[in-house]
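K.L.:
Here's a structure for you.
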Amino acid sequence: MSFAGEETRAVEAAVGGRVEQYVDVALKGRSKNDFNRFKEFEGGFGSFFVSTDGKYTAWSARSFTKSDADTLGRVLCEAKSGSNCVLYARWLPKNAVRSVGLPERNWRDWQRAQENVTDESHVALAINAWSVFAISRPQETKADATTDALDLCGRAIKRFRRQLNPELFERSLEAGIFDCRAVAVK
């Protein structure tokens, strides 16, 4: 098994991007099927992790940033394997020119929100690593718009508390996966 730091190789991917592989491990069974599904997700960044013993894999997709995808994929893999995991491959969207990889329909929502502000109002966009995003309601100040977007985004944590097992939820909290951050204000 070779690990990150070695030359990457391109892997066949869906039309909307490319996959760069960092670790050369022969995936079998469910792991191979998971990797094939991973390659089909477009609309943001993704990361596929493998445990250092090669037994466990986990992945994230449609994340808004490479960093978010890496953090989420690593936490999921390490929670599953109980050991360290390494980056196996990364999904890079075809049009990764935006600093935030919002899926196209969400990007259009953000564009529409900006078009609807006046000289006296502002909107903000907040995201977290679970690919949750929120657009504020029109506010009188940029600070109020930012606060509103962060509040709306932060409410999503309640949904994840119910969906995740307690250990994964705690690991996610420790890694800051639920932390929302404002990425744009208009």
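K.L.:
Starting from the residue with the highest accessible area, list Cys77, Cys180 in decreasing order, probe 1.4 Å. Working shown, then result.
P.N.:
Working: Cys77 0, Cys180 35 Å².
In descending accessible area the options line up as Cys180, Cys77.
K.L.:
Just list whichever of Lys32/Lys55; Lys39/Lys66; Lys66/Lys186 have alpha carbons separated by over 22 Å in the model shown. Spell out each step's value before the answer.
P.N.:
Details: Lys32/Lys55 12 Å; Lys39/Lys66 15 Å; Lys66/Lys186 24 Å.
Violating the 22 Å Cα-Cα cut-off are Lys66/Lys186.
K.L.:
Normalised by the empirical 2.2 N^0.38 Å for globular proteins, what value does the Cα Rg of the stretch 38-186 take?
P.N.:
Values: Rg = 16.6 Å, N = 149, 2.2 N^0.38 = 14.7 Å.
Dividing the Cα radius of gyration by 2.2 N^0.38 Å gives 1.12.
K.L.:
Also, quick follow-up: For a quick protection proxy, order the peptides 65-76, 28-39 by their average other-Cβ count within 10 Å, most packed first.
P.N.:
On the way: 65-76: 21.7, 28-39: 14.2.
Order by mean packing, descending: 65-76, 28-39.
K.L.:
Right, another one. Using a Förster radius of 35 Å, what is the FRET efficiency between Asn165 and Arg108 based on their Cβ-Cβ separation? Nearest 0.05, please.
P.N.:
0.50
The values are calculated or read from the model by the stated rules, or taken from the named source; none is laboratory data. Being a predicted model, the structure only gives us computed values, none of them experimental. Note that we place each Cβ from the backbone using ideal geometry, even for glycine, and neighbour counts take in every protein chain shown. Calculation scope for accessible area: heavy atoms of the full protein, side chains included, ligands and nucleic acids excluded. Shrake-Rupley method; radii C 1.70, N 1.55, O 1.52, S 1.80 Å.
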